[in-house]
Amino acid sequence: MKDPIFHRLLQLHPKFSDLSLGRIHQLLKKIGFNEKKLPKAIHIAGTNGKGSTASILKSIINQHGYSTHVYTTPHLVDFNERIQLNSKNISNKKLLEYLRYCEKKNDGKLITFFEITTAAAFKAFQDHRADFLILEVGLGGRFDATNILKSPKIAAITPISLDHQDFLGNSLNKIAFEKLGIINKKSTNIINKQKPSVMKFIHSELKRRNLKAEFFGDDWTIKSNKYQAGSINIDLSQLSLQGKHQKINAGLSIHLAKNILKHEFNENKTHKALSLCEWPGRMQSITNGFFFRKLKNFKDITLDGFHNIDGMNTLIKNLPLNRKILICSFLNNKKYSQMLNKLSQYFQKIIVVQMNEENSITKEDLPRNLKLIFCPSLGDSLKKINQYSNSKTSIFFGGSLYFIGEFLKLNQSK
């Protein structure tokens with residue numbers, strides 16, 4: 001959806017993000033936000049797997065007959081994807097209604113785009129009934145606009161790695177500290193699989209704050225393609241999301257669902273939910289649409305938003321052995337040179353595309369030591385892909401989630 005309000009809201013704050021909760025607290029007060037009217041919240045922070053965890057958890061809860069609101073970022077094609085009311089994207093009419101209301105109440109005061117849109121989301125969630133609210137953190141945790149809840153909640157931490165160092169710090173411990181900011185004395189805390197050094201830091205930080213949590217490895221694990229916790233064994237082989245890492249995400253989602261649903265948790269309903277969940281742009285198999293029609297020779301097409309080093313390493317672990325071509329793009333503030341250097345060892349050809357996004361990498365940004373092919377737009381890449389692909393080639397589109405959004409938008413065209 002296009003509307004002038006998005007441009008106006010972006011102008012309310014300079015491009016930099018100074019993380020703080022003061023502005024959103026003030027706006028929530030002005031719009032009459034009442035946290036007591038929200039459903040029970042599941043708050044998810046971490047570097048990788050937040051969206052997948054939220055998607056799988058939503059599927060499990062819905063399959064058990066309960067309704068969910070969901071807040072997730074970023075969107076891929078339409079802004080409406082960020083705010084789901086009863087598991088459906090908010091309508092254009094309602095979205096504009098809430099954004100305009102928040103804009104009016106904010107009255108031109110300094111506020112970030114994420115803060116004012118999060119305030120609109122909270123107002124929408126408050127005004128519509130649901131059983132549960134799944135909240136994905138936007139950036140970090142401690143000072144994230146979603147971190148304003150005072151009521152008891154369930155807090156989940158997905159795998160943590162280096163990302164957004166400009167805002168969160170340049171070490172894993174500093175980043176983990178920020179992510180753990182969503183945890184408090186009233187929250188039920190669940191920690192997914194982590195790098196050993198990160199897990200050590202989390203244990204020490206929780207001990208320092210006198211907080212308890214349930215941990216991957218101690219309270220549940222993934223073995224032989226199964227979620228295992230006590231007497232419960234759930235087969236993950238029917239999980240609709242592709243990649244070994246999604247089994248780890250599914251394990252966290254199942255453990256969260258167990259905590260939420262308690263005695264109502266049903267293994268058969270959970271099995272069904274795993275086969276039905278959807279999360280576009282993450283190891284997504286493309287079997288129709290514009291690219292499927294326009295590309296002439298290929299074995300398969302996969303779309304994956306690996307937007308940081310750990311995401312890239314996960315992609316590499318899931319690559320097939322046959323000939324592969326990668327079409328990718330990145331924001332110019334990411335470690336794209338490091339990623340392109342490593343990816344060039346696994347792909348026969350890499351085509352780098354300039355996105356329709358002001359912070360996209362350009363031809364001038366490309367590492368000179370690599371044999372990369374540059375295209376000024378995604379549409380322009382088609383000719384090059386057809387030139388280098390054959391019936392045994394696996395074609396991968398990936399990198400920035402903005403690029404994934406561009407792909408999905410173009411793929412929907414006729």
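The values are calculated or read from the model by the stated rules, or taken from the named source; none is laboratory data. No experiment lies behind these values; they were computed from the predicted model shown. Positions of Cβ are backbone-derived with ideal geometry, glycine not excepted, and every protein chain shown enters the neighbour counts.
Apart from one condition, Q84 fits all of (1) crowded, with 20+ Cβ neighbours inside 10 Å; (2) in contact (Cβ under 8 Å) with a residue 40 or more places away in the chain; the exception is (2).
Scan the range 393-403 for residues that are over 20 Å from K349 (Cβ atoms) and in contact with a strand residue (DSSP E or B) (Cβ under 9 Å, 6 or more places away or on another chain) and the total you get is 1. Just one of the listed residues (S381, S377, S389) is modelled with pLDDT of 95 or more, surrounded by fewer than 19 Cβ atoms within 10 Å (Cβ to Cβ) and not hydrophobic (A, V, I, L, M, F, W, C), and it is S377. Residues considered: S377, S275, S381. Of these, the only one that is among the small types (G, A, S) and touching a residue at least 40 places away in the same chain (Cβ under 8 Å) is S381.
The single residue among G243, G230 that is surrounded by 17 or more Cβ atoms within 10 Å (Cβ to Cβ), of a type outside the set (A, V, I, L, M, F, W, C), out of contact with any helix residue (DSSP H, G or I) (no Cβ under 6 Å at 6 or more places or on another chain) and modelled with pLDDT under 95 turns out to be G243.
Residue count for the range 269-316 under the criterion of being of a type in the set (K, R), surrounded by fewer than 20 Cβ atoms within 10 Å (Cβ to Cβ) and either assigned by TED's automatic domain parsing to the domain that holds L382 or under 30 Å from S337 (Cα atoms) (or both): the result is 4.
Considering the range 392-406, and only residues there that are of a type outside the set (S, T, N, Q) and touching a Leu at 6+ places or on another chain (Cβ under 6 Å), the residue that is surrounded by the most Cβ atoms within 10 Å (Cβ to Cβ) turns out to be F397. Residues of the range 146-154 include none that is of a type in the set (G, A, S) and under 19 Å from the mean Cα position of the chain (by Cα). Note on the range 44-85: among residues that are farther than 23 Å from K179 by Cβ and among the small types (G, A, S), the one that is nearest to the chain's Cα centre (by Cα) is S59.
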